[in-house]
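S.K.: One structure follows; several queries about it will come next.
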Amino acid sequence: MVHCRVFNFYQGYCLTHVVETATVTTSGLQWFPRTELPSDPLSRFNDLFLVRPRWKVEDMEPFLEDIAVDKKEREKFLMKFTRGSADDKGNRYYTARANHV
């Protein structure tokens, strides 16, 4: 039995695809409002990484808009609470720092 969960985020919605077996796939749309997230940056990042272990910055931005007022502050939070990496196609991803989650 194969079991995995893939998350795609769009304007606060979390689109999940759960694969139970190799032949059966279920999909759903889950509301993931940033108003339900903590206002403390460390707690917010912890909650985000519990939902999804790896993020693209453009997927994470809607969830940071109310705690990071500008790009400079957002980058400060990303440097403090995440670890950046890139795949072979040059896509930039962020994961939780081990000492913060």
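The values are calculated or read from the model by the stated rules, or taken from the named source; none is laboratory data. Not measured: the values here are computed from a predicted model. Cβ coordinates were reconstructed from backbone atoms using ideal geometry, including for glycine residues, and neighbour counts include every protein chain displayed. Keep in mind that these areas ignore ligands, DNA and RNA; they rest on the heavy atoms of the full protein, side chains included. Shrake-Rupley method; radii C 1.70, N 1.55, O 1.52, S 1.80 Å.
S.K.: Of the GluC sites (Glu not before Pro) in the range 54-96, which ones lie in a loop per DSSP and count no more than 14 other C-beta atoms within 10 Å?
M.R.: In loop regions of the range 54-96 (DSSP not H, G, I, E or B), the sparsely surrounded GluC sites (Glu not before Pro) are Glu65.
S.K.: Step through the residues of the range 66-81 one at a time and calculate ³J(HN,Hα) from phi using the Karplus curve (6.51 cos²θ - 1.76 cosθ + 1.60, θ = phi - 60°), rounding each to whole Hz and writing x for Gly and Pro.
M.R.: Each residue's phi maps through the Karplus curve to give 8, 10, 10, 6, 9, 4, 4, 5, 4, 5, 4, 5, 4, 5, 6, 10 Hz.
S.K.: So what are the ³J(HN,Hα) numbers for the range 52-65, from phi and the Karplus equation (6.51, -1.76, 1.60; θ = phi - 60°), rounded to whole Hz, Gly and Pro as x?
M.R.: 8, x, 9, 10, 8, 4, 5, 6, 7, 3, x, 8, 10, 4
S.K.: Can you tally the net charge around Arg97? Count Lys and Arg as +1, Asp and Glu as -1, for every other residue whose Cβ sits under 10 Å from the Cβ of Arg97.
M.R.: +2
S.K.: Considering amide H positions built from the backbone, and no H for Pro or chain starts, which residues 5 or more places from Thr82, or on another chain, come under 5 Å of its amide H?
M.R.: When sequence neighbours closer than 5 places are left aside, the close amide H contacts are Arg97.
S.K.: If you don't mind, another one. Given a 1.4 angstrom probe, what's the average accessible area per residue across the range 28-101, in square angstrom?
M.R.: On a per-residue basis, the range 28-101 sits at 64 Å².
S.K.: Among residues other than Ile67 whose Cβ falls under 14 Å from its Cβ, what is the net charge (Lys/Arg +1, Asp/Glu -1)?
M.R.: That works out to -2.
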